[in-house]
Each structure stands twice: as structure tokens, then as C-alpha cells.
Amino acid sequence: MNLSRYHITRRTGDRRGFSFWSWIWFFLGALYFILPLYATLDFSLRMERDKISLLAYQKAFAAPEFLKTFIYSNVLAVITIFVSILVIVPAAYWIRLRLPEARRVIEYITILSIVIPAIVLAHGLNTVYGAPIKIPFTDVALTGAILNTRFGTNFVVVMGYTVLALPLMYRSIDTGMRTVDVLTLTEAAQSLGANWFTIITRVILPNLRGSLLSGALLTFAIVVGEVTISTVLYVQTFSPYLWLLGQHRAYEPAALSFASFLMIWASMGIIQLVTGGQGQTSSAR
Amino acid sequence: MANVSSHPQRISVAAYFHKWAGVVPFLLFAFFFLIWPSAKLMVDAFFDQTGHFTFSNLAELFENPTVVRAYKLSIQVSAVTALGGGIFGFLLAYSVTVGGLPRFLRSGLITFSAVASNFAGVPLAFAFVATLGRTGFITAVLKNLLGINIYDAGFNLYSFMGLSLAYMYFQFPLMVLIMAPALDALKREWREAAEILGATTLQYWWNIALPVLLPSILGTMFLLFANAFGAYATAYALTGGSLPLITIQLRAQIQGDVLHNPSLGYAMSMGMIIIMAISTLGYIWLQSRSERWLK
């Protein structure tokens, strides 16, 4: 009794002493977060002299090049999301249900996609697919240089983006599968006579929609912000356009940067709502 | 008997393929778009421009002064931002978990950290130009209010220090995201036991909490190091390639007009992969150690 009272007073005493420093750290962190955003917003609103206006936003959004590159990046993002789901969901499902011994392999590959820097991956893709693909140790070409065609370039770019998104997408999907208990769902579907295709498309995927959505939004953030693969393979996506715009304009790039921030915020906000948990992060620097 | 034993064997070959069917697309994808491209660069690092086997590209990694300087600069930026981001991120994570701040600040900070750790590349660079550039917001405020011109005082956004400040914007949020759950996992009983035995707060942190958290803290710093070391977009957007980081130099060697020596570029890729592998494995190893206590 006595001891517990002593304990409670000490605890609150400690807390009060400590929360002073907590407030300081929090305040500094908030400052670091907010100042660059505030400065960008402030700058983007000052295109007209002595007046706060949205002119920079109007001009930036009305530029045909902006629309072209932004739509292009969004299309690439959507395709990347579909490709990653198509590649990762069956693999994650298989190792959980039928082939647990392959988990190691899949996880090593996921780690490898973190270890290989984007700039190295981009040049690797450029070297391999910028030349005809030959049968090893012979001069027999199987295909021409894939990067010579527009379709081929887009294909390689999407695959590169999929590699960048792999660690996040895999983690989202694997966590999702752990929480929905795919084994029971599969057995239930099987006992009702469903085949594998039906099980995956009508039972597993709908139950994974939360983790698929958060994986998809992270992938979206990566692809729209992606610079490295795009510049090395010379595709005109949104972020290289934004950089180029920054070389000869002042206000429009600030407007688009702030808009990008809002877009990422919206994506992360939806993820927080859907998963209700910890934030995740991409590694596309 | 023979019939029985041969029969299952025949099935097992077919079953073997069937068993792997769901993983095959993933493995093919990984081979063609991750493993082959990176392996190709690693192999090409051992050949000169005319296709002869050589170790000279790798030797040049240690002899060519521009390459050595690029590695050094990248390692410095990564180490400084990993350490700085790690310490500051830890203090922030501490303040919203066990530090006694109101609950709503925590979810606010976590959301913001998720956003900031994804806010990299070109928009981040432009945000820092608007903040700390020559006509940036903070530059102007300091000049107008306090009469301090930070550019006269030696500050430059397009330098080591400026780039490090920009990198910190995605570094410490990553630390917050990883450390907040680890701090949550500190057991209340440990603190209570320590207090009942008469330990001060400082003793509790120094002798119990920090040793338990240390693998996680160091591990995440390794991750931050890798995070900064592989970064290309932010540096490219901020300095336009004038700050010779390894990622910038690598592209200049492979695709550039002035420094054009692809073989050396491939050797540089190999060096990068080795450094990335060491720091990523360091993260994984330390993280698995930290799970002994925190889980």
C-alpha cells in the first residue's frame, strides 16, 4: 500500500520532468517538418507582385507538358501496381500455403531489391536491354534491343519500377495474408468446390484489399516521384519534367512541389485510415 | 514393390513443377529485372572497353582520386545523416511514446513521418531551395529580422551541409517510424522493477532501456546509412550534379560526355552494391538481435 503510493508519486514526478524535454524535441521536429513546406507554399503563392494568388498553380497545371508527363507517370504507376500484384500475390500465397521452404528465397530477393541502388539497377537494365539478347556463349540473337522500341522501353521501365516497389508491396501483402488467415479461407473455398483461380480472385484478393490498397498507394508515391530509372532510360515522366521546369522557372516548380506533397499526404492519410496502424515508407530516393 | 516406388517418383516430378507454379512468375521477374541486370554490371566490371578480362577497373576504384573522393563524400553524407537523423529521430520517437506527450500528437507525428519519409527527390530539393536558398524563407527571415546573412557566414545549400540538411528530412522520419514500435515494446514492468529497487530515471535508461534498445537503434542507423548512400534523385535535383557523390559520378562515368568510362562505372556499381549489402545486412542482423527482448 505504502509502496504503491510511493511508486505512483515518483512516476508522475518523473513524467513531468521528462515531458519538458519531450515538448522541446517535438517542437523542433515539428519545425523541421513544417518550415520547408510553409516556405514552399508561401513562395508558390507570390507569383503576382505584392499579392497572394494561385497564379503559379494555374500556370503550372495548364502547361501541356505538365499534363502529358503527369498522365504518363500515372499510367505507368497504375500498370506498375497491377504488375506487382500479379507477380507478388501468387508468390506470397504460395509460400504461405504450399511452399513454406521458398519463403527464404523470396525474402532474399526482396532484400536484394533494397541492396541494389536504383541508379545501379537503372544502368543494369539499360545495359541488358539496350542490346540484343543473345543465347549465352553464342552470337544467336533472340530479340532485338528491347529499349529501341517505345513499347519495349515502357515495359522495362515498368519492370524497374516494380523492383523499386517490391519491398513495400511484398511486406504489405505478406502482412495482409498473415492477418486474414488465408489457410482457413482457402480450405473453406475448396470445400465449396472453388478452383484455384476462383480462390485467388474472389476470396483472397478481396480479403487483402486493405493491404493491397496501402501497397498500391506507396507504389503510386514511388512511381510519380521516380527520377533515377526515368532519366537513365530517357522517359519523359513527371519528376524529370519538374526538375527541368525548375531550371528556368521559379514559382511553378514550387507550386508543383507543394502539390506533390499534398498528394503524398493524401496517399499516406488513406493508408493510415485503411490499416489504422504504423506508417510505412518507400525507399525511392 | 518396384512399381510402388517408381510411381510416386514419377508423380513427384510433375508435382514438383506444380508445387512451384505460384512462385515461378516472381522468380522469373526477379531474375530478368533484378538479378541479371545487377549481375551483368558486376561481371562487366572485370572487362575493359575492348572486352578483355582485367582487374584494372577495380584497382582504379582505389587509385582514381575522383572516384575515391566520390566514395568518401557519399560515405560522409550518409554517416552524418544516419547519425544525426538517428539521434534526432530517436528523441522524437521517445517524446511521443514514453515521453509523456498527449496521445493525438503521436498519431500526428507518425502520419507526418510517413509522408516526410516519402517526400524525397525533386519536390524535396525545391522545398529546401524555397527554405534555405539564397532568397529562401529562412534566409530572408534571418537577414531581415536578425541581420544575419547565412550565405556570408559560409552556409551554402548546394554543398555538403545543405544536402545533409535536405537528406535529414527523409532520414529522421524513417527513424521515428521504426523506433516508435520498439519504444512501445519496452515493458512497463522493467521500469517498475527498477524503480522499486531504487533506480533513478537516468540509471533505468542507462542500464536497462538503452542496452535493450541499442541493437534496434544501431540497426536502424545502418538502414538510414543505406538509405542515404543509394540516394540519387535528391542530390541530382538539388545540386544538378555539381556535388560529386558516388551516385552522381557513377552516372557521369556510364552515360556522361565528359567522364566517359563505362567499365569504371560498372566497377563503381560493384563497390556501391558491396557497401549497400554490408549496411543492409548490418540492419537485418541487429534488428533480429533486438527481437530477443523487444517483441
*A:TYR72 vs. criteria within 27 Å of the chain's Cα centre (by Cα) and under 30 Å from A:LEU205 (Cα atoms)*: yes
*Of these, B:LEU218, B:LEU224, B:LEU214, which one is farther than 22 Å from B:LEU101 by Cα and either among the acidic types (Asp, Glu) or open to solvent by less than 10 Å² (accessible area, probe 1.4 Å) (or both)?*
B:LEU224
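A quick yes/no check of all residues on (1) within 9 Å of chain A (Cβ to nearest Cβ); (2) without any contact (Cβ under 8 Å) to a residue 12 or more places away in the chain:
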site	(1), (2)
B:PRO37	yes, yes
B:PHE62	no, yes
B:PHE88	yes, no
B:GLY100	yes, yes
*asked:* Being out of contact with any Asp or Glu (no Cβ under 6 Å at 6 or more places or on another chain), surrounded by 21 or more Cβ atoms within 10 Å (Cβ to Cβ) and of a type in the set (Gly, Ala, Ser) is the filter here; which residues of the range A:25-78 pass it?
replied: A:GLY29, A:ALA39, A:SER44, A:SER73, A:ALA77
*Which members of the range B:12-29 meet the condition of being among the aromatic types (Phe, Trp, Tyr) and surrounded by 11 or more Cβ atoms within 10 Å (Cβ to Cβ)?*
B:TRP20, B:PHE26, B:PHE29
*asked:* Between B:ASP44, B:ASP48, which is crowded, with 19+ Cβ neighbours inside 10 Å and in contact (Cβ under 8 Å) with a residue 60 or more places away in the chain?
replied: B:ASP44
*Quick check, is A:THR138 of a type in the set (Val, Ile, Thr), outside any helix (DSSP H, G or I), more than 11 Å from chain B (Cβ to nearest Cβ) and surrounded by fewer than 20 Cβ atoms within 10 Å (Cβ to Cβ)?*
yes
_Matching entry among B:ALA193, B:ALA182 (being over 30 Å from B:THR131 (Cβ atoms), of a type in the set (A, V, I, L, M), open to solvent by 30 Å² or more (accessible area, probe 1.4 Å) and within 12 Å of chain A (Cβ to nearest Cβ))_ = B:ALA193
_Any chance B:LEU243 is modelled with pLDDT under 90 and of a type in the set (A, V, I, L, M, F, W, C)_ = yes
*Where residues in the range A:93-120 are crowded, with 16+ Cβ neighbours inside 10 Å and of a type in the set (Ser, Thr, Tyr), which of them is farthest from the other protein chains (Cβ to nearest Cβ)?*
A:THR110
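Residues that are hydroxyl-bearing (Ser, Thr, Tyr), within 17 Å of A:TRP25 (Cβ to Cβ) and touching a Ser or Thr at 6+ places or on another chain (Cβ under 6 Å): does the range B:72-92 have at least one?
No, that holds for no residue.
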*Could you please let me know if B:PHE112 is out of contact with any Phe, Trp or Tyr (no Cβ under 6 Å at 6 or more places or on another chain), under 23 Å from A:MET263 (Cβ atoms) and at the interface with chain A (Cβ under 8 Å from one of its Cβ atoms)?*
no
*Test: B:VAL122 is at pLDDT 90 or above and more than 18 Å from A:LEU35 (Cβ to Cβ)*: yes
*Look through the range A:16-43, keep the residues that are under 26 Å from the mean Cα position of the chain (by Cα) and touching a residue at least 40 places away in the same chain (Cβ under 8 Å), and return whichever of them is nearest to the other protein chains (Cβ to nearest Cβ).*
A:THR40
*Test A:ARG285 against the criterion of being closer than 22 Å to B:LEU124 by Cβ, more than 10 Å from chain B (Cβ to nearest Cβ) and at pLDDT below 90, and give yes or no.*
no
_Tally, over the range A:149-169, of residues that are among the aromatic types (Phe, Trp, Tyr), within 12 Å of another protein chain (Cβ to nearest Cβ) and open to solvent by 10 Å² or more (accessible area, probe 1.4 Å)_ = 1
*Assuming B:LEU238 fulfils every condition listed in (1) assigned to a loop (DSSP other than H, G, I, E, B); (2) farther than 25 Å from B:PHE55 by Cα apart from one, which condition is it?*
(1)
*Looking at (1) closer than 23 Å to B:TRP20 by Cα; (2) touching a Pro at 6+ places or on another chain (Cβ under 9 Å); (3) more than 11 Å from chain B (Cβ to nearest Cβ), which is the only condition A:PRO90 fails?*
(3)
*2 or more residues surrounded by fewer than 21 Cβ atoms within 10 Å (Cβ to Cβ): qualifying helices (runs of 4 or more DSSP H) within the range A:178-285*: A:182-191, A:209-225, A:238-248, A:251-275
_Against the definition (over 20 Å from B:ALA267 (Cα atoms) and open to solvent by less than 60 Å² (accessible area, probe 1.4 Å)), how does A:GLY124 come out, yes or no?_
no
_Looking only at the range B:186-201, count every residue that is touching a residue at least 12 places away in the same chain (Cβ under 8 Å), farther than 11 Å from B:VAL98 by Cβ and part of a loop (DSSP other than H, G, I, E, B) and tell me the total._
0
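Determine which member of the set B:LEU157, B:LEU163 is open to solvent by less than 30 Å² (accessible area, probe 1.4 Å), outside any helix (DSSP H, G or I) and under 30 Å from B:TYR236 (Cα atoms).
Numbers: B:LEU163 fails: outside any helix (DSSP H, G or I).
From the options B:LEU157, B:LEU163, the qualifying one is B:LEU157.
The values are calculated or read from the model by the stated rules, or taken from the named source; none is laboratory data. Not measured: the values here are computed from a predicted model. Cβ: placed from backbone, ideal geometry, glycine included. Neighbour counts: every protein chain shown. Only protein heavy atoms, including side chains, enter the accessible area calculation; ligands, DNA and RNA are left aside. Shrake-Rupley method; radii C 1.70, N 1.55, O 1.52, S 1.80 Å.
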